[in-house]
Amino acid sequence: QSNLDFLKSLQPGISHPEVIDFFLEGGYPEPALNREDEFRLTWMENYFQTYVQRDIRNLFPKLDITKYRRFILMLSSLSGTIINRSELGRSLDTSEVTVKEYLDIAQGSYLWRNLRSFEKSVSKSIIKMPKGIFRDTGLLHFLLKIRSKDQLMVYPQVGLNFEAFVVEELIKGLEAKMLTGCEYFYYRTRNGAEVDMLIEGDFGVLPIEIKFGLHTDRGRLASLKKFITDNNLPFGVVINNSEEVAMLAEGIIQIPASLI
């Protein structure tokens, strides 16, 4: 109860509209400091072209740059999903080994983050393939040609993109606090039970569900509740676009995205 009271006493650093702005525009310093649309779009175009045509070409001179560029564009529509390397290979007309190499390059160049499956759960039907996210949603939305908040709100996978945004903000925040020894996972079973993010450290395991909406119905918390119970955890967290810290159910705390 004391921890909950402490969370309730915190004041959001930004408002809900500002959260959506940051979600849309991303966190690269130059476009974040100069938020004019024309500047931001030009900067993103130049950044992506420089990344592919200069940086990656120089680092990997034998790489098929045209195919790698297509690969990154494909990844932009797969952020927040479990990556099937064989399907990507067929789409690119290349081998699964090459797709793995491309994924390693994207992650090593800080464009992409792979989240491993959490395999320590009591469940025996865990999906073990990694889930990936674009690390900056500003660049992600640029590649998806989402230019405004109106376009963002009607994008079919806005929830997955918001999940990527929150995951990356949480990791950056923990790293900025010099909290070492944390590992980050996701959890999903073959019957569809899923927890968006798991943080494991000296404190144990913290399961986190991420929702884009302003409110989260209790009926949408079944997977989180079951994971908490099955793994004997004290509580879990839901991060959404609500305006207040609250208990959504026994052992499940709602935290607004504006607090992270």
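Condition first: at pLDDT below 95, over 21 Å from the mean Cα position of the chain (by Cα) and in a helix (DSSP H, G or I). Can you find one or more residues in region 230-247 that meet it? There is at least one residue in region 230-247 that is at pLDDT below 95, over 21 Å from the mean Cα position of the chain (by Cα) and in a helix (DSSP H, G or I). Taken over region 101-150, the criterion of being within 17 Å of Phe48 (Cα to Cα), surrounded by fewer than 20 Cβ atoms within 10 Å (Cβ to Cβ) and hydroxyl-bearing (Ser, Thr, Tyr) is satisfied by Ser109, Tyr110.
Checked against the criteria, Ile83 counts as under 16 Å from the mean Cα position of the chain (by Cα), in contact (Cβ under 8 Å) with a residue 40 or more places away in the chain and open to solvent by less than 40 Å² (accessible area, probe 1.4 Å). If the condition is being of a type in the set (A, V, I, L, M, F, W, C) and in contact (Cβ under 8 Å) with a residue 24 or more places away in the chain, then region 33-52 contributes Leu41, Met44, Phe48.
Being of a type outside the set (A, V, I, L, M), within 19 Å of Ile260 (Cα to Cα) and in contact (Cβ under 8 Å) with a residue 40 or more places away in the chain: is that true of Gly201 here? Criteria not met by Gly201.
Evaluate region 227-248: report whether one residue or more is open to solvent by less than 30 Å² (accessible area, probe 1.4 Å), acidic (Asp, Glu) and within 20 Å of Ile127 (Cβ to Cβ). Checked region 227-248: no residue is open to solvent by less than 30 Å² (accessible area, probe 1.4 Å), acidic (Asp, Glu) and within 20 Å of Ile127 (Cβ to Cβ). Criterion applied to Gly192, Gly219, Gly213 was being in a loop (DSSP other than H, G, I, E, B), surrounded by fewer than 18 Cβ atoms within 10 Å (Cβ to Cβ) and modelled with pLDDT under 90, and the one residue passing it is Gly192. The number of residues in region 224-260 being among the hydroxyl-bearing types (Ser, Thr, Tyr) and closer than 30 Å to Asp21 by Cβ comes to 2.
Need the failing condition index for Val167 against (1) crowded, with 17+ Cβ neighbours inside 10 Å; (2) in contact with a Pro (Cβ under 9 Å, 6 or more places away or on another chain), just the number. All conditions pass for Val167, except number (2).
The residue that is farthest from the chain's Cα centre (by Cα), counting only those in region 151-188 that are of a type in the set (S, T, N, Q) and assigned to a helix (DSSP H, G or I), is Gln151.
Taken over region 172-189, the criterion of being more than 16 Å from Ser117 (Cα to Cα) and surrounded by 19 or more Cβ atoms within 10 Å (Cβ to Cβ) is satisfied by no residue.
The values are calculated or read from the model by the stated rules, or taken from the named source; none is laboratory data. Quantities reported herein were computed from a predicted structural model and do not represent experimental measurements. Note that we place each Cβ from the backbone using ideal geometry, even for glycine, and neighbour counts take in every protein chain shown. For the accessible areas, the whole protein counts, side chains as well, though only heavy atoms, and no ligand, DNA or RNA atoms are used. Shrake-Rupley method; radii C 1.70, N 1.55, O 1.52, S 1.80 Å.
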